[in-house]
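Peer 1: Can you read through this structure? Questions will come right after.
The values are calculated or read from the model by the stated rules, or taken from the named source; none is laboratory data. Fair warning: this is a prediction, and the values are worked out from it, not measured in the lab. In this analysis, Cβ positions are derived from the backbone assuming ideal geometry, glycine residues included, and neighbour counts consider all displayed protein chains. Keep in mind that these areas ignore ligands, DNA and RNA; they rest on the heavy atoms of the full protein, side chains included. Shrake-Rupley method; radii C 1.70, N 1.55, O 1.52, S 1.80 Å.
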Amino acid sequence: MISIKNEEALARMAMAGDLLAGVFEKLPSMCCEGCSTAELDSFIEQELSNNGLLSMMKGYMGYGHVSCISLNDEVVHGVPCEKKKLNTGDLVKIDVCAAYRGYCADMARPYFVGFVAEDNPRRVFVEFAQRALDEGIREARVGNRLTDISAAIQREVERGGYGVVRDFAGHGIGRRMHEDPEILNYGKSGRGPLLEAGMVFALEPMLTMGGYAVYVSDDNWTVKTIDGSLAMHVEDTVAVTKEGPKILTRKSTCGTSMVSGDRL
Ligand code: MF3
Ligand code: CO
């Protein structure tokens, strides 16, 4: 069952998203040569607590950190580690889910360590993934069906010639990090439940520069591409509203947190 959030729940989720987006604004300068992914995780843990956010990851199925930090061919669920130090040119995907007064926001962003030119194929790939997410978000509107989101993401990913990872998906979100429905990043449009105002989704395309096959590495968490190709992951929490999709995990330019979120 897909839960419909009332005004109060939506306001808290918007606040969670706004605060979390604020934490992410501090991350680019942290992603530098020599920094370990464990140090990044500690920094995020401190920032969550400074902002009154509760980590939804730490303790989830025995997970011991507040973020997932996935490097290069790691797609998602990279486990922060003292021994994993960033090198120039690395692609770092940081994923954090946290709650404000009982309601969650889930967000992931990519960062390159050091400068990567605009026409570098790895940067083009990253920008394609971000566009694929935006294409999916655009379909999160009243009257559409769930797989309109899936199909829009797949269309954009494959337009770039990239692979869509099949083994993981986006999800509903609310009091819990993972709620119904599961939102695949591929498939035919026009299927599944009708979208209604008050539904909130975490949309998260996962892409590869090569084949889409992945495996879980021997730490039992980190998901990697089988062919070693570069992987991307980006995620936003999006509310379906009468006025259209409202992105809760991007800071609004016009100020107050209760009305935060960019409208597409
Ligand atoms: N935030 C991730 C997601 O998008 C979940 C991470 S799993 C965890 O679904 F155990 F690491 F929290
Ligand atoms: Co998620």
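Peer 1: Counting each DSSP H run of 4 or more residues in the chain as -39500 (n - 2.57), what helix-only mean residue ellipticity at 222 nm follows after dividing by all residues, to the nearest 500 deg cm²/dmol?
Peer 2: Taken over the chain, the calculation gives -8000 deg cm²/dmol.
Peer 1: List the pairs from K224/K251; K93/K246; K26/K84 whose alpha-carbon separation is above 28 Å, in the order I gave them.
Peer 2: In this structure, K224/K251 exceed 28 Å between Cα atoms.
Peer 1: Mean projection of the alpha-carbon convex hull of the chain over all orientations, in nm²?
Peer 2: The orientation-averaged projected area of the Cα hull of the chain comes to 13.0 nm².
Peer 1: Based on the alpha-carbon gyration tensor of the stretch 1-110, what equivalent-ellipsoid semi-axes (square roots of 5 times the eigenvalues) come out, in whole Å, largest first?
Peer 2: One finds semi-axes of 26, 14, 12 Å for the stretch 1-110.
Peer 1: Limiting things to C-alpha atoms, what are the Rg and the maximum Cα-Cα separation (Dmax) for the stretch 1-47, in angstroms?
Peer 2: 15.2, 45
Peer 1: Here's something else I'd like to know. Taking all protein chains in place and a 1.4 Å probe, what share, in percent, of the accessible surface of the chain do carbon and sulfur account for? Intermediate values should be presented prior to the final figure.
Peer 2: Details: 5730 of 11250 Å².
Answer for the chain: carbon and sulfur cover 51 percent of the accessible area.
Peer 1: Most mobile of V66, V76, V216 per a Gaussian network model of the chain (Cα springs, under 10 Å)?
Peer 2: Result for the chain, Cα springs under 10 Å: V216 fluctuates most.
Peer 1: Just add up the charged neighbours of P110: K/R +1, D/E -1, any other residue whose Cβ is under 13 Å from the Cβ of P110.
Peer 2: Numbers: positive: K93, R109, R122, R123, R131; negative: E74, D90, D95, E127, E204, E235, D236.
Spelling it out: positives minus negatives among the neighbours equals -2.
Peer 1: Using the alpha carbons of the stretch 40-191, what is the convex hull volume per residue in cubic angstrom, as a whole number? Please report the intermediate quantities before stating the final value.
Peer 2: Working: hull volume 20.2 nm³, N = 152.
Convex hull volume per residue, Cα atoms: 133 Å³.
Peer 1: If every alpha-carbon in the stretch 130-222 counts as one equal scatterer, what log10 I(q)/I(0) does Debye give at q = 0.25 1/Å?
Peer 2: So the normalised log intensities work out to -1.28.
Peer 1: Measuring with a 1.4 Å probe in the full set of protein chains, what accessible area per residue, in whole Å², belongs to the chain?
Peer 2: Spelled out: the 1.4 Å probe surface of the chain, per residue, equals 43 Å².
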